[in-house]
1. What residue, among those in region 14-33 that are touching a residue at least 40 places away in the same chain (Cβ under 8 Å) and over 13 Å from residue 163 (Cβ atoms), is surrounded by the most Cβ atoms within 10 Å (Cβ to Cβ)?
2. Which is out of contact with any strand residue (DSSP E or B) (no Cβ under 9 Å at 6 or more places or on another chain) and over 30 Å from residue 185 (Cα atoms), of 111, 83, 89?
3. If only one of 54, 15 is among the hydrophobic types (A, V, I, L, M, F, W, C), at pLDDT below 95 and closer than 19 Å to residue 159 by Cβ, which one is it?
4. Are there helices (runs of 4 or more DSSP H) fully within region 156-225 with at least 3 residues that are at pLDDT below 75 and within 20 Å of residue 57 (Cβ to Cβ)? List them.
5. Kindly provide the set of residues from region 96-108 that are in contact with a helix residue (DSSP H, G or I) (Cβ under 8 Å, 6 or more places away or on another chain) and surrounded by 14 or more Cβ atoms within 10 Å (Cβ to Cβ), ordered by number.
6. Just wondering, is there one or more residues in region 44-67 that are in a loop (DSSP other than H, G, I, E, B), among the hydrophobic types (A, V, I, L, M, F, W, C) and buried (at least 22 other Cβ atoms within 10 Å of the Cβ)?
7. Residue under question is residue 19, and the condition is that it be in a loop (DSSP other than H, G, I, E, B), out of contact with any Cys (no Cβ under 7 Å at 6 or more places or on another chain) and closer than 21 Å to residue 88 by Cβ; does it hold?
8. Quick check on region 134-145. Is at least one of its residues part of a loop (DSSP other than H, G, I, E, B) and either free of Cβ contacts under 8 Å to residues at least 40 places away in the same chain or hydrophobic (A, V, I, L, M, F, W, C) (or both)?
Amino acid sequence: MNSEILFRPLTVKSLTVANRIVMAPMTRGMAPAGIPGAPQAGYYRRRAEGNVGLILTEGTVIDRPASRNLPGIPFFHGEPALAGWESVAREVHAAGGKIGPQLWHTGSTRAGDWQPEAPVESPSGLVGPGDPRGNVMSEEDIADTVGAFAVAAADAKRIGFDLAELHGAHGYLIDQFFWGGSNQRTDQWGGGRHRRTLALRSRDRAGGAGSGRSGLPYLAPGQPVETARLCRPPRGHP
């Protein structure tokens, strides 16, 4: 098998990368008080110096009261955090790489015993069937969250990132809107699968409008509801 193609440049619309090697997002939880700094800038620069064509950062959270599920997850809002991320983008570009943040809202998920500063939020106040946690999002909450994704994507462009990626899996907030077990709403944001995907489509459009470039990773069954399905599979399929 010829691997030469991996090292050829690739252009997708207005984005050109030096090769087709992409560093996937990897949670690190090493941002004290949510503020990235010199350690993060050095970490990502070293990856670019290793000839990674495109880097997607660790998850970094939008401006909502409880958008992260672990301490040390960096913010992507507020001038101190954005100044730190600007230095990350600058260092990666100096090493010849391209980079985009992965934008998070972890919804009502748990990750150990840590509790965020405010009550968590989700479509129906559930982690999954029979597992209540936190607040049911109001229409205003949902609109504000869509707006927060758009602002984060616009900020990514403003401070020098090359794209923004919206996290749509792992049982986090966007994913929680997909599944009937975690989305039991009866308004425009719930019901049939078309309505359950409205939150995703709204966030994706908002992110794209904000950054000029956005992507959505892993439309996979959510965690911890491993049996969740967006729709019933054909007969004979698991």
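1. Filtering region 14-33 for residues that are touching a residue at least 40 places away in the same chain (Cβ under 8 Å) and over 13 Å from residue 163 (Cβ atoms), the one surrounded by the most Cβ atoms within 10 Å (Cβ to Cβ) comes out as 31.
2. Working: 111 fails: over 30 Å from residue 185 (Cα atoms); 89 fails: out of contact with any strand residue (DSSP E or B) (no Cβ under 9 Å at 6 or more places or on another chain).
Step by step, each of 111, 83, 89 is checked, and only 83 is out of contact with any strand residue (DSSP E or B) (no Cβ under 9 Å at 6 or more places or on another chain) and over 30 Å from residue 185 (Cα atoms).
3. Details: 54 fails: at pLDDT below 95.
Within the list 54, 15, the selection yields 15.
4. 198-211
5. Going residue by residue through region 96-108, those that are in contact with a helix residue (DSSP H, G or I) (Cβ under 8 Å, 6 or more places away or on another chain) are 96-101, 103, 105-108.
If the condition is that a residue be in contact with a helix residue (DSSP H, G or I) (Cβ under 8 Å, 6 or more places away or on another chain) and surrounded by 14 or more Cβ atoms within 10 Å (Cβ to Cβ), then 97, 98, 99, 100, 101, 103, 105, 106, 107, 108 are the ones that fit.
6. yes
7. Details: in a loop (DSSP other than H, G, I, E, B): yes; out of contact with any Cys (no Cβ under 7 Å at 6 or more places or on another chain): yes; closer than 21 Å to residue 88 by Cβ: yes.
Considered against the rule, which asks whether it is in a loop (DSSP other than H, G, I, E, B), out of contact with any Cys (no Cβ under 7 Å at 6 or more places or on another chain) and closer than 21 Å to residue 88 by Cβ, residue 19 comes out as yes.
8. Looking only at region 134-145, we keep the residues that are part of a loop (DSSP other than H, G, I, E, B), and these are 134, 137-138.
Now restrict to residues that are either free of Cβ contacts under 8 Å to residues at least 40 places away in the same chain or hydrophobic (A, V, I, L, M, F, W, C) (or both): 137-138.
Yes, that holds for at least one residue.
The values are calculated or read from the model by the stated rules, or taken from the named source; none is laboratory data. Keep in mind that this is a model prediction, so the values were computed, not measured. FYI the Cβ positions are ideal-geometry reconstructions off the backbone, even for glycines, and counts take in every protein chain you see.
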